[in-house]
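One structure is given here, and the rest of the page talks about it.
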Amino acid sequence: MRELDSVQREAVEAHRRTPVLVVGPPGSGKTTVVATAAALELGERAPEEPQPLVLTFGRRAASQLRNEVARALDRTVSPPWVTTVHAFCLWLLRRAAAPGTVSPRLLTAPEQEFRVRELLAGRGVEAWPAEIHQAVGTRAFARQVRSAIARIRQLGLDPDDVVAAGRAAGRDEWVSVGRFFAEYLDILDHEGSLDYAELVHRARIVLADEELAAAVRGEISRVIVDEYGELDPAQIGLLRSLVGP
């Protein structure tokens, strides 16, 4: 196993006893701590026993972390369940789906922006307050709308919540965004597609089923997250559902 310094060793040992947050600047060895903690957990468990769930961001980061775990183990074994947050959410949806159900298609960022621009063009400027008519139809406006609807889901809000908040605050543009979001979700449902923010939202809904949540928790010995600071509110809510009280 890779040699750890005293601070890293303390973080790994603390993680084996209690939940712990490891804080450090880039290059300080946080990912090494994550890999070592996962390797120790994996090395102590038989394949049929609950395994550590290690979450990170991006496929490349997940691949690099798998390699780190393999090096930390210093022996040839199957790596622990190391994956991205979104890949895990997709697994959850597939697990909860009825037999024969077609898996949702995950939109890439460019595909999502294209859908947003296409839907904006079809609605016309009349669907938006007069003061922003000149912006409607521009690429910048489409990007801002896309960012807004992603943030709405990250905060766990529905389109109706945004419409209600807009009316209460006297913000007509919020009302328009809420209505646009509702139409956007209808289009994606019809296509059988999901964007990344909606994927996490649906996974949280799935975990509201206590029977399923208990079964998933029973397969996970420990949850380890690399770059926890990158999580948005919806992803933190997902982790809370996974870990339980």
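Annotations for the structure displayed:
- Per residue value of the accessible surface for the range 72-208 (all protein chains in place, 1.4 Å probe), Å²: 54
- Placing pseudo-labels 7 Å out from each Cα toward the beta carbon at A140 and A182 gives an inter-label distance of 3.0 nm.
- Cα pair distances exceeding 31 angstrom across the chain, given as percent: 36
- Restricting the calculation to Cα atoms, the range 84-145 yields a radius of gyration followed by a Dmax of 16.8, 49 Å.
- Highest mean packing first, where packing is the average number of other Cβ atoms within 10 Å per residue, the peptides 95-103, 51-59 line up as 51-59, 95-103.
- Positive contributions from Lys and Arg (+1) and negative ones from Asp and Glu (-1), summed over other residues with Cβ under 12 Å from the Cβ of A87, come out at +2.
- Label-zone membership for the range 178-207, site I132, 7 angstrom Cα→C-beta point, backbone N under 12 Å: 178-181
- For the range 148-181, trypsin sites (Lys or Arg not before Pro) meeting the loop criterion (DSSP other than H, G, I, E, B) and having at most 16 other Cβ atoms within 10 Å: R171.
- The sum of -39500 (n - 2.57) across all DSSP H runs of n ≥ 4, divided by the residue count of the chain, sets its helix-only mean residue ellipticity at 222 nm to -18500 deg cm²/dmol.
- Nearest-0.05 FRET efficiency for S147 and D5, computed from C-beta distance (R0 35 Å): 0.30
The values are calculated or read from the model by the stated rules, or taken from the named source; none is laboratory data. Note that the structure is predicted; figures quoted are calculated from it, not measured. Backbone-built Cβ (ideal geometry, glycine too); neighbour counts: all protein chains shown. Surface accessibility is based on the protein's heavy atoms, side chains included, excluding ligands, DNA and RNA. Shrake-Rupley method; radii C 1.70, N 1.55, O 1.52, S 1.80 Å.
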